[in-house]
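Structure first, commentary second.
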Amino acid sequence: MMWNMVLRRIGVGIVLLWVVSVLIFALTQILPGDAAQIRLGQQATPESLAALRKDLGLDKPWYIQYVTWIGNLITGDLGISNAGGATISSLIGNRIGNTVFMTAIVTLIAVPLSVVLGLLAAMYPGRLLDRIITSGTLGLIAVPDFFVAIFLILFLAVQLGLVPAVSYLSGTESFWKSIYVLALPIGTLVIVVSAQMIRMTRAGILNVMSSPYIEMAILKGVPRKRIILRHALFNAIGPIVNVIALNLAYLVSGVVVIETIFAYPGLAKLMVDGVQTRDIPLVQACGMIFCSTYVVLILIADIASIMSNPRLRHPK
Amino acid sequence: MTDTSNEPANVLEVHDLMIEARPHGAPPIPIVKGVSFDVKPGQVVALIGESGSGKTTISLAALGYTKPGLHFSGGEVLLQGEDMELVSDERKRQLRGENVAYLAQSAAATFNPALKIGEQVTESAVLHGAMTQEAATQRAEELYRALELPDPDRIGGRYPHQVSGGQLQRLMAAMALVSRPSLLVLDEPTTALDVTTQIEVLKAFKKVIQEEGSAAIYVTHDLAVVAQIADHIVVLYGGKVMEQGSAEQIVTNPQHSYTKRLMAAVRPSPVAGLGDSMAGDHLRDVPALEVRDVTAGYGKGADGKPLITVLRDVNVTIERGHVVGIIGESGCGKSTLARVMAGLLPASEGEVLLDGHALPPSVKERKREDLQLVQFVFQMADTALNPKQRIGDIIGRPLQFYHNVHGRELREEVRRILDLVELPAVFADRFPAELSGGQKQRVNLARALAARPEVLLCDEVTSALDTIVGANVIELLKNLRDKTGVSFVFISHDLSTVASFADEVVVLYAGRVVEKGPVDQVLSPPFHPYTRLLIASVPELRVGWLEETMQTREALAGIARGVTLTDVGCPFFDRCPVAIEGTCDKLTPPTREDQSGHGHYIECHREVVELGGAGATAPA
Amino acid sequence: MSEQDTIVAEDAGRDVYDELPDAPPKSRLRLSWVGKVSAAVVALWIFLALFGPWIAPYHEAFFIEEDAAGNYFDDPSFMLPDASVSAYLGTDYLGRDVLSRIIWGARTTIGISFAATLLAYFVGITLGIAAAVAGRLTDAVLSRIVDAILAFPNIMLGLIIIAAFGSSIPLLIGLAGLVYAASVFRIARALGQDIMVQDFVEAARARGEGLWWIITREILPNAAMPLATDFGLRLVFVILFISSLSFLGLGVQPPISDWGSMVRENMQGLGNGLSGGALASITPAIAIATLTIAINLIVDDISAHAGGSLAKKMV
Ligand code: SF4
């Protein structure tokens, strides 16, 4: 029963990935002027255009092109950038590590921080700590990511000079040096992502706390700590894992803004630059990477909530 | 009473208890207004009252607990001398579970779905250091045995959703009893159960309370249940004590006018000759509504049959101006039957006839005139009335829709209908949220009447109401029947209500009609074995009934194991005491008519005489 | 057991005992003081969005510094709040009055976001309710399309579409409208489905009422309040979305002023610190924050009043 649902959900995820790839691929088909035209410019002779089209496979019907494109994508051949003619895989290869490094560190800090703060707020609802946490996070979720970023830059980097405002990595720094350089973007992302996670963790636990079995536990004289940790948290684990996965998906969006602000040489910055120069193949490749990560994270969230349901885990 | 030194101290003393609600930014609202009573060791005290009487709030006060939003505002609650309003949180935690334990109405909601039953049952005793885990587990298993739970050695290792509702209710009793508390608080512990299950649970509770010798507070709205289990009864109304005294005295000789009213509203036990049945004067013309060979269910299988079949080969006839009661326990398909009649759930086989002509199965295909003639009254008036519409609009809509009545005339007509259901005309301008439960149910009825129907389908219209309010609604229905001459299909799980109101009764079990006929015939022998069990399970309002019944009961039925829907054989086979192995579980039972000639049918493999028919004795 | 004395309360002798009320009556919606302050802030911004051009000291594209010195391009002091001109919040990197641009920007930012949210609501509610009441097939088709849209992180969809079509105000409205119509669809569909299974809708169906009556008289009135509250939250998301795109340089294009683009254009000034040109970048960011936080606080106030049930549905 449970495994059926999980398998079904994975099936749906695969279909979604496919739909995403079709939509992203469709971009090249909708736009006036194909890749060859864009690459060679308006002055190109019809012969050279035809030659390049043949070279790029653009003379084939669209579904063949799609299959070729997706095949290349999977094997890591992402095509050639319109601007400059470098291979996209080389462009991305340089950047993707940076993005993964930063998001990994953000995740490692934000997840435990959020769960702990969310738990603390839920343990003492209405008390001072809870009020500070809820109003603080309410404010933070309502402001744009760049709002947090520019204030951190202004106060921590410019006014106090504690950390650098621009996050340029040469690739030779030590781990701690990298962290220092990345302090601001990491800090910003942690704040932005945690605000949501804290609120949702708190809401998840409070939701469980209002159920009759918690009231029963209180009436049995179970101490508050045990009620939260054994009775409530056990039932809230599913929702919390769900929240975490969902918010890591938001991280995908946050990264775009943050990398741009701090001029951090990551994948998202590359993509934004691509959008500005209308470098479609590059945007497609980056878009595919971000969107598939997103779909996979959402998938994990769904599977987590299925697996955490005791009715499904222990069938009759 | 003279020598007080010999008398053991009271387990619980409640003096002038006051509790109030403190809504945000509004003056406090008193909920409990000075209640006093005592619980002696070993005594079972019942708190009885309707919703809003404060009975649950008072019972929780014994644990020093108030629901969120409620606060103690006066008086004292002394649990073995300690004031539960004042003790420290730490001490309160110790007392809860160790000295006083709580049993809630819905066990399904009070068990944590993520933890094993055993852990939850023993948790309190182990946490308070009263026992080691092993001792507690052993004690729990003893209790499982005492409560007649199946598989006592292993049931603790299961999760709550893996056992039945009746079992959970008993497991909750075990949870409360593990640490041998001196006071048990039971809050409507059998209300959510079917009658045949309720009596098992009741019996189990009574037995363990006696064996353990603990005192108890039993909260309920059901006097008949109270009479079985309580020594002392406290009658509450509006947060005040109306009357208290021994169970014997309250039941046989109530003093206060409120108690008398409460007693009067309790429906008598179902026996033949109760109602003003018109079954005798059979009008042999075309029935108002007829259901023929209907099979129905939910979902759609490949072969056009439903995935889950709820009704099988059901035949019901509603004579003009008659009341047909449809009775059965939850899950038997009685609401589904009404939905099939109304066309809300199209039957997959069989047909519904109105005035002799077949109706299309689905409401979408039925003609407006046909729809007008069959009206549905929903169980929960709370959800059946659109909260955003005024009462006048709710009642006026059928008039507009079916009869094209508008303007002044419409307002006049709405006023007349409000009057018919005994509501003041000013209600037309109110919204449903401004009405009480009983008033809403009247509006619900009024809306159906406004269509000027021939058949009214009433689905459990009194079961969500308090005793007195419900009794009033039944009175209203009787008046309406006499005044308007409509036929009623009256669906209920409560045999007493059906017995006092219906002309004919149809007994449903697991989607099949197991017995039907005029009410007096159905309520007297011969019985279908299930009907017999049903009748025997309705508690009578007298002290000592439970003990008497339990002695004869073993012969009546096995312990309820939940209803099984079967494709072959008799659905009651699992529980039937007179089942014929090899026949009943293989072949669909035949329909037999008894010799009375009144049209009394029983679906059973046993001959009518074997079932207590003419000249026969009760089956061995 | 000892003999128990019977105690009878004073009996009024009446035989009518009114049915006791189910619950204390609900109080009317009242905003807390936080809610009231927030409402005032939102009202102020709406006022500026409507009448800003007549109130602002300068036109959004007017170079005030040009007249004063003539060579505004390489004079760093133009980043300062200059005493020689009446610029309360200083001038931006091109020497335009920041205050005026914020006031003009209110019109762009709020206007685009509001239009996009309206569009999202119109499309989302229509289709969401349709999916809730129509047959399985319609529901399945619509839901799958929405799933596909939601399979893209919002900002990604924005980037990809802007990469393809370039950025313009109508495109931004359409884009944000589409992206958020998907989430409105989900909410409207869920609400519609919840209401569809209520007994009062069953009662209407049993009466033979048509679909139009059921939608307009039974479903919509009951969905109105939750949807209205959600509109506030959705508006906040759209404002953040549009501002983020503008901030990335992919939204509203110069010289039209818009809060998101203003933050970006003047980022350089951040390096000069608070006493330098940071104000030009910080103030539009604060403008966004006051608006979105205020809307959020109002929604929070209302849903707290409704027992938090709305808030739960909308997480
Ligand atoms: S058919 Fe058999 S099992 Fe069913 S009720 Fe009759 S005797 Fe019992």
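The values are calculated or read from the model by the stated rules, or taken from the named source; none is laboratory data. Since the model is a prediction, treat every value here as computed from it, not as a measurement. Using ideal geometry, Cβ is built from the backbone for each residue, glycine included, and neighbour counts are taken over all protein chains shown. With ligands, DNA and RNA removed, areas are computed over all heavy atoms of the protein, side chains included. Shrake-Rupley method; radii C 1.70, N 1.55, O 1.52, S 1.80 Å.
From the list B:Thr122, B:Thr132, the one residue that fits, being open to solvent by 50 Å² or more (accessible area, probe 1.4 Å) and at pLDDT 85 or above, is B:Thr132.
Picking from residues in the range B:509-541 that are part of a loop (DSSP other than H, G, I, E, B), more than 15 Å from the ligand (Cβ to nearest atom) and not charged (D, E, K, R), the one that is farthest from the other protein chains (Cβ to nearest Cβ) is B:Ser524. Restricting attention to the range B:578-608, the residues being surrounded by 15 or more Cβ atoms within 10 Å (Cβ to Cβ) and part of a loop (DSSP other than H, G, I, E, B) number 16.
Name the single residue, out of those in the range C:124-163 being of a type outside the set (A, V, I, L, M, F, W, C), under 24 Å from the mean Cα position of the chain (by Cα) and within 14 Å of chain A (Cβ to nearest Cβ), that is nearest to C:Glu218 (Cα to Cα). Don't jump to the end; show me each part of the working.
Keep residues of the range C:124-163 that are of a type outside the set (A, V, I, L, M, F, W, C), which gives C:124, C:126, C:128, C:135-136, C:138-139, C:143-144, C:147, C:153-154, C:158.
Next, only the ones that are under 24 Å from the mean Cα position of the chain (by Cα) stay: C:124, C:126, C:128, C:143, C:147, C:153-154, C:158.
Filter again for within 14 Å of chain A (Cβ to nearest Cβ), leaving C:143, C:147, C:153-154, C:158.
Numbers: C:Ser143: 23, C:Asp147: 28, C:Pro153: 35, C:Asn154: 33, C:Gly158: 37 Å.
Only one residue tops the list, namely C:Ser143.
Check whether at least one residue in the range A:287-304 is at the interface with another protein chain (Cβ under 9 Å from one of its Cβ atoms), part of a helix (DSSP H, G or I), closer than 17 Å to A:Asp145 by Cβ and of a type outside the set (Lys, Arg), and report yes or no. Looking through the range A:287-304, at least one residue is at the interface with another protein chain (Cβ under 9 Å from one of its Cβ atoms), part of a helix (DSSP H, G or I), closer than 17 Å to A:Asp145 by Cβ and of a type outside the set (Lys, Arg).
Pull up the range B:60-102, narrow it to residues that are among the small types (Gly, Ala, Ser) and not in a strand (DSSP E or B), then point me to the one that is nearest to B:Ala176 (Cα to Cα). First the steps, then the outcome.
Step one: filter the range B:60-102 for residues among the small types (Gly, Ala, Ser), giving B:61-62, B:64, B:69, B:73-75, B:81, B:88, B:97, B:101.
Restricting the remaining residues to those that are not in a strand (DSSP E or B) gives B:61-62, B:64, B:69, B:81, B:88, B:97.
Values: B:Ala61: 17, B:Ala62: 14, B:Gly64: 16, B:Gly69: 26, B:Gly81: 21, B:Ser88: 22, B:Gly97: 7 Å.
Filtering the range B:60-102 for residues that are among the small types (Gly, Ala, Ser) and not in a strand (DSSP E or B), the one nearest to B:Ala176 (Cα to Cα) comes out as B:Gly97.
Assigned to a loop (DSSP other than H, G, I, E, B) and modelled with pLDDT of 85 or more: which single residue out of B:Pro287, B:Pro361, B:Pro306, B:Pro268 fits that description? Can you show your working first?
Numbers: B:Pro287 fails: modelled with pLDDT of 85 or more; B:Pro306 fails: modelled with pLDDT of 85 or more; B:Pro268 fails: modelled with pLDDT of 85 or more.
Of the residues listed, the single one that is assigned to a loop (DSSP other than H, G, I, E, B) and modelled with pLDDT of 85 or more is B:Pro361.
In this structure, C:Ile239 qualifies as open to solvent by less than 20 Å² (accessible area, probe 1.4 Å), more than 14 Å from chain B (Cβ to nearest Cβ) and farther than 28 Å from B:Ala450 by Cβ.
Of the residues B:Ile233, B:Ile217, B:Ile209, B:Ile250, only one is under 23 Å from B:Gly42 (Cβ atoms) and within 9 Å of chain C (Cβ to nearest Cβ); which? First the steps, then the outcome.
Values: B:Ile233 fails: within 9 Å of chain C (Cβ to nearest Cβ); B:Ile217 fails: within 9 Å of chain C (Cβ to nearest Cβ); B:Ile209 fails: within 9 Å of chain C (Cβ to nearest Cβ).
Checking each option against the conditions leaves just B:Ile250.
Per-residue answers, yes or no, for (1) at pLDDT 70 or above; (2) facing chain B (nearest Cβ under 9 Å):
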residue	(1), (2)
C:Ser2	no, yes
C:Val8	yes, yes
C:Arg14	no, yes
C:Arg28	no, no
C:Ser38	yes, no
C:Ile46	yes, no
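Applying the selection to the range C:126-158, what residues are of a type in the set (Val, Ile, Thr) and open to solvent by 40 Å² or more (accessible area, probe 1.4 Å)?
Start the filter on the range C:126-158 by keeping residues that are of a type in the set (Val, Ile, Thr), which leaves C:126, C:129, C:133, C:138, C:141, C:145-146, C:149, C:155.
If the condition is that a residue be of a type in the set (Val, Ile, Thr) and open to solvent by 40 Å² or more (accessible area, probe 1.4 Å), then C:Thr126, C:Thr138, C:Val141, C:Ile145 are the ones that fit.
Checked against the criterion of being more than 14 Å from chain B (Cβ to nearest Cβ) and over 25 Å from the mean Cα position of the chain (by Cα), the range C:222-234 has no qualifying residue.
Give the residues of the range B:573-611 that are among the small types (Gly, Ala, Ser), under 31 Å from the mean Cα position of the chain (by Cα) and more than 8 Å from the ligand (Cβ to nearest atom), sorted by residue number. Walk me through how you get there before you give the answer.
Step one: list which residues in the range B:573-611 are among the small types (Gly, Ala, Ser), which gives B:579, B:582, B:596-597, B:599.
Imposing the further condition that a residue be under 31 Å from the mean Cα position of the chain (by Cα) reduces the set to B:579, B:599.
Selection gives B:Gly599 alone.
Restricting attention to the range B:423-439, the residues that are closer than 30 Å to B:Val235 by Cα and open to solvent by less than 20 Å² (accessible area, probe 1.4 Å) add up to 6.
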